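What follows draws every value from the coordinates through simple rules; no lab data is involved. Just so you know, these numbers come straight off a predicted model, no measurement behind them. With ideal geometry, Cβ positions are generated from the backbone for all residues, glycine too; neighbour counts draw on all protein chains shown.
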Amino acid sequence: MIKTINLSWTPDSRLIVFSDAHRGDGSGADDFAANSLLFKCALDYYLAAEFTLIELGDAEELWEIKRFNQIYITHTSIYRRLAAFHSRDPQRTRYIKIWGNHDLYWQENEEALRTLFPGITVYEAALLDGHILLWHGHQADPSCIGMGARIRKFLVRRIWAALQRCGFRDPTRTADNPGRCDGVDETLHKWATSGFPDAAAFNGSKIDRIIAGHTHRPVYENLSLTERMCLEAHVGTPGIRRKLHPDPAYYNTGSCVHPRCITGLEITPGPDGKPAFTLIKWGYAGRHDGEANNAARQEYNLTIKREILEPAENQTGNPGLRNR
């Protein structure tokens, strides 16, 4: 059995799913540091809008950093906001934490978090409405299993972290390998449409939709943003295989370590009351202040903005969920 939290769905449910923050120690190897302000603003927005926050794995970069206290000291303001979502009462908490391959440490050491989040339990997966599986997604990546995973962890901790501090990018991650992204996406989509390989893993639940992270590449209805643009524009490189139609069986949240933006998936009630999905981005934008002396738009104010990348399957019509 996979350690799973079951989440019920009601007409008042609102979920925001973020994955792959990779919070680090603030050094040059900390991929999250540049986007920490974006994440703070997003957390403030979803806290005020009464969303439940799901961190879908790799929230902490515990391959590169041996001790969580280094991460906490660097990103204390983030953890204070996360704590505001949490409640000791599991029926009232609005913070759900899932572990991934880079923070697998929490699988056996969740008590280390209970000073910050009293009574918290860290799960491998969440099951929404009895049929929607949310988990990190590394379970579908062969390189994250067995000896391959141990070798990658050694390289990240001993070699690539040091190189990143000198300005090099870590090439060991799925996010830097489009071929592996495709393979992980295809496997997860297959599990959602053809059946999960271990029927007993979720106590016999019929899973027909999977939401994951891990690859860092946003996917909406089984299409990456590039695939959707190619499909809609009827363009593409000859000889390059691409999907021909969307399929709501698979979504990927993307990550919180994109250059100058973070992506996530909002889950809110559609017109029929069932879960509807919106792929969103929080990033920086220039805004003209409208003053007369700026009529030629030579000056802009830098702001942080929520943007819809892919519209919900069924628009909610709720003005509180539109772009801000």
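Observations on the structure shown:
- For the range 21-66: span of alpha carbons on each principal axis (Å, largest first): 34, 19, 11
- Under 26 Å from the Cα of Lys274 - lysines, other chains or at least 8 residues apart: Lys3, Lys97, Lys190, Lys206
- Residue ranges 43-53, 274-284, 247-257, 85-95 sort as 247-257, 274-284, 43-53, 85-95 when ordered by packing (mean number of other C-beta atoms within 10 Å per residue, highest first).
- Viscosity 1.306 mPa s, 10 °C: Kirkwood-radius Stokes-Einstein D of the range 1-150 over Cα pairs, µm²/s: 100
- Footprinting exposure proxy for Glu108, Glu310 (fewest neighbouring C-beta atoms within 10 Å first): Glu108, Glu310
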